[in-house]
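Structure record follows, encoded as structure tokens.
The values are calculated or read from the model by the stated rules, or taken from the named source; none is laboratory data. Being a predicted model, the structure only gives us computed values, none of them experimental. So basically every Cβ, Gly included, is an ideal-geometry build from the backbone, and we count neighbours across all protein chains shown. Areas reflect the complete protein model, heavy atoms only, side chains present, ligands, DNA and RNA absent. Shrake-Rupley method; radii C 1.70, N 1.55, O 1.52, S 1.80 Å.
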Amino acid sequence: MGRKSRSSWAAFSHLKTAMVTSSKVPIKTAVYIDGYNLYYGRLRGTPFKWLDVVQVFQDLLAERDQNESLEKVSLFTAHALATFATHGSASVLAQADYHRALKTKYGDRFETIYGKHSFDRDGTLLPTFVEDQPYDRTLRSRVWKLEEKKTDVNLAISMYRDACKGLYDRIILVSNDSDAEPALQAIREDFPHIVVGVVLPIRPPTAGAEVHRRASGSLSNLAHWVINNLSDSRLQASQLPGVVPTKKKPIRKPVHW
């Protein structure tokens, strides 16, 4: 009996080892999100701002069914400024709570990289648009011009440095901004083994309606695969819970979101 048991266990152990050896190693994948582009291209004016960006791409990779493991989601953005925000200080708090909720839920798998906003305190002179009239450089108006700084550079450098370090086998860029083209071009040339995906954060086309934002062909041309828009159903299926528990005070979805 003892010999039979030992013999059976040896056979099972050999089978188990063979199964482990033959299993596929997950393909390490990272996502890089242009937060400004995602917000203004897809989320603004919708009820989907409390978006679980990690869940979105976990679901996407599951649908692709290519043994891809989502290792990291990096969100590139800038702190909201109360002076220019629609809801003032409430907008600043909402953004902070959103980023904190994602970090609380996912830890090191989620990271926010901040640039900054810049504006001329005396206003900026820009040419005035007059309908049905040609451009006139002498006709100018002083306006508040808010610009996001460093986000594009931070995103490009992060993608390229991660590629240099060999951290991931596949990368996904979430942007419709052609400013990311040089970074993707460099990665395609210098690291041809890395598979590049592009997700365009724009609305699906609606028959008879004006196109909200056009897709960037330059980014699509550099990708191995492309998702041309983000549907309402995909965004709705990946919302954070209304209350995200923490070790201290829970984080609640902003009322105006």
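In this structure, the amide hydrogen of Ser69, modeled 1.01 Å from its nitrogen in the peptide plane, lies closer than 5 angstrom to those of Ile27, Lys28, Thr29, counting only residues at least 5 positions away or on a different chain. Peptides 25-37, 154-166 ordered by packing proxy, namely the average of other Cβ atoms within 10 Å per residue, highest first: 25-37, 154-166. Ordered from largest to smallest accessible area (heavy atoms of protein chains, 1.4 Å probe), the residues Phe129, Phe76 come out as Phe129, Phe76.
Once the chain from Arg252 to Val25 is taken as fully extended at 0.36 nm per residue, the excess over their C-alpha distance is 78.0 nm. For Val199, the residues whose modelled amide H falls within less than 5 Å of its own, excluding neighbours fewer than 5 places apart on the same chain, are Leu173, Val174, Ser175, Ile227. For segment 47-52, putting each phi into the Karplus relation 6.51 cos²θ - 1.76 cosθ + 1.60 with θ = phi - 60° gives couplings of x, 10, 5, 7, 7, 8 Hz, in residue order, rounded to whole numbers and with x for Gly and Pro. Rolling a 1.4 Å probe across all protein chains gives Glu63 an accessible area of roughly 120 Å².
Arranged from highest to lowest average of other beta-carbon atoms within 10 Å per residue, in what order do the peptides 48-58, 219-229 appear? Display every interim value, and only then the final one.
Details: 48-58: 20.4, 219-229: 16.3.
My ranking of the peptides, most packed first, is 48-58, 219-229.
Here His193 sits with roughly 130 square angstrom of accessible surface, probe radius 1.4 Å.
Ranked highest first by average number of other Cβ atoms within 10 Å, how do 167-174, 242-249, 97-104 line up? Show your work: numbers first, answer last.
Details: 167-174: 22.2, 242-249: 10.5, 97-104: 18.9.
In decreasing order of mean packing, 167-174, 242-249, 97-104 become 167-174, 97-104, 242-249.
Taken as Cα centroids, segment 178-251 and segment 57-106 sit 13 Å apart, rounded to the nearest whole angstrom.
Can you tell me the dipole magnitude for segment 148-257 around its Cα centre, using point charges on the Cβ only (Lys, Arg +1; Asp, Glu -1), in Debye to the nearest 20? Spell out each step's value before the answer.
Details: 15 positive and 11 negative charges, 169 e Å.
Dipole of segment 148-257, to the nearest 20 debye: 820 debye.
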